[in-house]
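The values are calculated or read from the model by the stated rules, or taken from the named source; none is laboratory data. What you are looking at is a predicted structure, and each value in this text was computed from that prediction instead of being measured. Note that each Cβ is placed from the backbone with ideal geometry, even for glycine, and that neighbours are counted across all protein chains shown. In case anyone asks, the SASA skips ligands and DNA or RNA and just uses the protein heavy atoms, side chains included. Shrake-Rupley method; radii C 1.70, N 1.55, O 1.52, S 1.80 Å.
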Amino acid sequence: MDAAEFRKRGKEMVDYVADYLEKIDKRQVFPDVEPGYLRPLIADCAPQDPESFEDVFKDIEKIIMPGVTHWHSPYFFAYFPAASSFPALLADMLCGGIGCVGFSWASSPACTELETVMLDWLGKMINLPQEFLAGKDGQGGGVIQGSASEATLVSLLAARTKTIRRVQSEKPELTEAEIMGRLVAYASDQAHSSVERAALISAVKIKNVPSDDTFSVCGSALKKVLDEDKAAGLIPFFFCATLGTTPCCSFDKLLELGPICNKENIWMHIDAAYAGSAFICPEFRHLLNGVEFADSFNFNPHKWLLVNFDCSAMWVKKRSDLIGAFKLEPLYLQHHHQESGALSSLWLQHWQIPLGRRFRSLKLWFVLRMYGVRGLQEHIRKHVRLSHQFEHLVLQDERFEICAEVVLGLVCFRLKGSNELNEALLKSINEAKKIHLVPCHLREKFVLRFAICSRTVESAHINFAWQHISQLATDLLKTWEQNHHHQ
């Protein structure tokens, strides 16, 4: 394919993507395929000779689309939103076109510098304390990670290095291995599984702190676990606080937890993967109060801020803590500007797991400029209004119950009755394939999660989803009573 054909095919592809997104509501939200569907549809190995673009293009509808779960459909209410917008897609095209691998300032100055400035923009939008911003001569700063899981891992590794060095200076008789064996990380019993995975990769113990009846961790619960572990000779070093947990969007109590972590020399990382985008709205900013105690903070613009995957924003108060954990400098990565103090924030390879990175800040730059803060606030507010609309519909039906406070765009609900009954309801919803939902467990209850996801979802889609769920519940309860009343 030469540049001339690329011009032609590029325009066709843009039209195809625009049509896909404009008419996505006509497609069944969840595919009909069985596992392994794809292999029989394509050749056993790559073709020896080139095929035409037409051949490839017609296989999109034939082979790919039948196996796609349509995350951007207004009937998709599963997981959390995956952000997307036309400006972000255009920026991603440019990112692919420039195709730099931005590990250091020299490897592509614009790639590094735009990222640093965009994270300052974003930090100011959510009113992050000054210490987290790079500015002209700040100690902190932001970086784009691939996902919140990576941000948690990076902060945990930095905390581990920092703690080992501190303990070695206090107790030189301990070996690094002895210290490692005593380190403990903590997170809520509602925290995402990626926190546990980060501890697994980092080879340190992790313990769950029990959450209260609102599914939040409070200070006394953390203090109790810390006191027990310190008495047993362990070294608490890291706590991951969650704002907007995955099961039910609950919020750990930062104002109680932060001072404890600071006093005990424990690195506090805040994972606000989904909820963080809402903090651009003044009415939700109080949910971030206490961030001033944290060492690192992360949220995903690629969930709820119209920037497509992957774009996970992470800030640290002291970038030297991160750089200290990851800095290795072979000659082929060094550069004569390196010693300039102003640029210590610009060697982003020391802020992440991989060396290479895509030019992801272009997406942020395009979206922030083309929506403006007000346009993004309106997007968030609309989703929150729609979740309260759904909550209101559920509350009007006495067969159902709401299982957790609805704060942002997630509603946790279920039929009053057994877990088996609710499992059957979810099965009938997802087998009908008119809408798509996923469940969670809240304590011993099996609960249905209804997340407002699509950029194009409207009030009518919420009403449709509720009528559909309500009808399926009616049908289910009839057969359920017939089948169960003899038992």
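Among the numbered criteria (1) closer than 30 Å to SER459 by Cβ; (2) of a type in the set (A, V, I, L, M); (3) part of a loop (DSSP other than H, G, I, E, B), which one does VAL33 miss?
Answer for VAL33: the failing condition is (1).
For region 269-290, which positions are within 23 Å of ALA158 (Cα to Cα) and surrounded by fewer than 24 Cβ atoms within 10 Å (Cβ to Cβ)?
Listed by number, the list holds a single entry, GLY290.
Might you let me know whether region 246-261 holds any residue that is at pLDDT below 95, open to solvent by 10 Å² or more (accessible area, probe 1.4 Å) and under 20 Å from the mean Cα position of the chain (by Cα)?
So far as region 246-261 goes, yes, one or more of its residues are at pLDDT below 95, open to solvent by 10 Å² or more (accessible area, probe 1.4 Å) and under 20 Å from the mean Cα position of the chain (by Cα).
Table: residues versus (1) of a type outside the set (Gly, Ala, Ser); (2) in contact with a Lys or Arg (Cβ under 7 Å, 6 or more places away or on another chain).
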position: LEU410; (1), (2): yes, yes
position: ARG414; (1), (2): yes, yes
position: GLY417; (1), (2): no, no
position: ILE462; (1), (2): yes, no
position: ASP475; (1), (2): yes, no
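In region 158-243, which strands (runs of 3 or more DSSP E) lie fully inside it and hold 3 or more residues that are free of Cβ contacts under 8 Å to residues at least 40 places away in the same chain and not polar (S, T, N, Q)? Spell out how you get there, then give the answer.
Details: elements: 183-188, 205-209, 235-242.
Ranges flagged: 205-209.
Filter region 115-135 for residues that are part of a helix (DSSP H, G or I) and among the hydrophobic types (A, V, I, L, M, F, W, C); which is most open to solvent (accessible area, probe 1.4 Å)?
Within region 115-135, the subset part of a helix (DSSP H, G or I) is 115-125, 130-132.
In the following step, the residues that additionally are among the hydrophobic types (A, V, I, L, M, F, W, C) were identified as 117-119, 121-122, 125, 132.
Values: VAL117: 71, MET118: 2, LEU119: 0, TRP121: 101, LEU122: 0, MET125: 35, PHE132: 0 Å².
Here the answer is TRP121.
Taking region 382-415 as the region of interest, how many residues are farther than 23 Å from SER216 by Cα and in a strand (DSSP E or B)?
2
Report, by residue number, each residue of region 81-99 that is outside any helix (DSSP H, G or I) and buried (at least 17 other Cβ atoms within 10 Å of the Cβ). Before you say what the answer is, go through the steps one by one.
First, the residues of region 81-99 that are outside any helix (DSSP H, G or I): 81-85, 99.
Across region 81-99, the qualifying residues are PRO81, ALA82, ALA83, SER84, SER85.
Looking only at residues in region 1-33 that are open to solvent by 100 Å² or more (accessible area, probe 1.4 Å) and over 28 Å from the mean Cα position of the chain (by Cα), which one is farthest from LEU90 (Cα to Cα)? Reasoning before the result, please.
Initially, region 1-33 is screened for residues open to solvent by 100 Å² or more (accessible area, probe 1.4 Å), giving 1, 6-8, 11, 22-23, 26, 32.
Cutting the leftovers down to over 28 Å from the mean Cα position of the chain (by Cα) gives us 1, 6-8, 11.
Working: MET1: 21, PHE6: 16, ARG7: 15, LYS8: 16, LYS11: 12 Å.
For region 1-33, the residue satisfying everything is MET1.
To keep it simple, each residue is scored yes or no on (1) outside the structural domain of GLU256 (by the TED database); (2) at pLDDT 95 or above; (3) in contact with a Pro (Cβ under 9 Å, 6 or more places away or on another chain).
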site: ILE270; (1), (2), (3): no, yes, no
site: ALA275; (1), (2), (3): no, yes, no
site: ILE280; (1), (2), (3): no, yes, no
site: HIS286; (1), (2), (3): no, yes, no
site: GLU292; (1), (2), (3): no, yes, yes
site: PHE309; (1), (2), (3): no, no, no
site: ALA313; (1), (2), (3): no, yes, yes
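Could you tell me which numbered condition ALA185 fails, if it satisfies all but one of (1) more than 25 Å from ALA275 (Cβ to Cβ); (2) open to solvent by less than 20 Å² (accessible area, probe 1.4 Å)?
Here ALA185 clears every test but (1).
Name every residue in region 387-399 that is open to solvent by less than 10 Å² (accessible area, probe 1.4 Å) and not small (Gly, Ala, Ser), in order of residue number.
Step one: filter region 387-399 for residues open to solvent by less than 10 Å² (accessible area, probe 1.4 Å), giving 387, 390, 394.
Listed by number, the residues that qualify are PHE390, VAL394.
Please enumerate the residues belonging to region 422-453 that are touching a residue at least 60 places away in the same chain (Cβ under 8 Å), part of a strand (DSSP E or B) and open to solvent by 70 Å² or more (accessible area, probe 1.4 Å).
Initial filter on region 422-453 (touching a residue at least 60 places away in the same chain (Cβ under 8 Å)): 430, 433-438, 440-442, 447, 449-453.
In the following step, the residues that additionally are part of a strand (DSSP E or B) were identified as 436, 438, 440-442, 447, 449-451.
Answer for region 422-453, where residues must be touching a residue at least 60 places away in the same chain (Cβ under 8 Å), part of a strand (DSSP E or B) and open to solvent by 70 Å² or more (accessible area, probe 1.4 Å): just HIS441.
Name the one entry in THR163, THR112, THR152 that is buried (at least 21 other Cβ atoms within 10 Å of the Cβ), of a type in the set (Ser, Thr, Tyr) and more than 26 Å from LYS230 (Cβ to Cβ).
Values: THR163 fails: more than 26 Å from LYS230 (Cβ to Cβ); THR152 fails: more than 26 Å from LYS230 (Cβ to Cβ).
Within the list THR163, THR112, THR152, the selection yields THR112.
I'd like the full set of residues that are touching a residue at least 60 places away in the same chain (Cβ under 8 Å) and either among the β-branched types (Val, Ile, Thr) or touching a Gly at 6+ places or on another chain (Cβ under 8 Å) (or both), limited to region 454-487.
The answer is THR456, VAL457, ILE462.
Can you name the number of the only condition in (1) in contact with a strand residue (DSSP E or B) (Cβ under 8 Å, 6 or more places away or on another chain); (2) at pLDDT 95 or above that GLY67 fails?
With respect to (1) in contact with a strand residue (DSSP E or B) (Cβ under 8 Å, 6 or more places away or on another chain); (2) at pLDDT 95 or above, GLY67 is out only on (1).
Which residues, counting only those in region 293-319, are farther than 10 Å from ILE270 by Cβ, open to solvent by 10 Å² or more (accessible area, probe 1.4 Å) and in contact with a Gly (Cβ under 7 Å, 6 or more places away or on another chain)?
ASP310, LYS317, LYS318, ARG319
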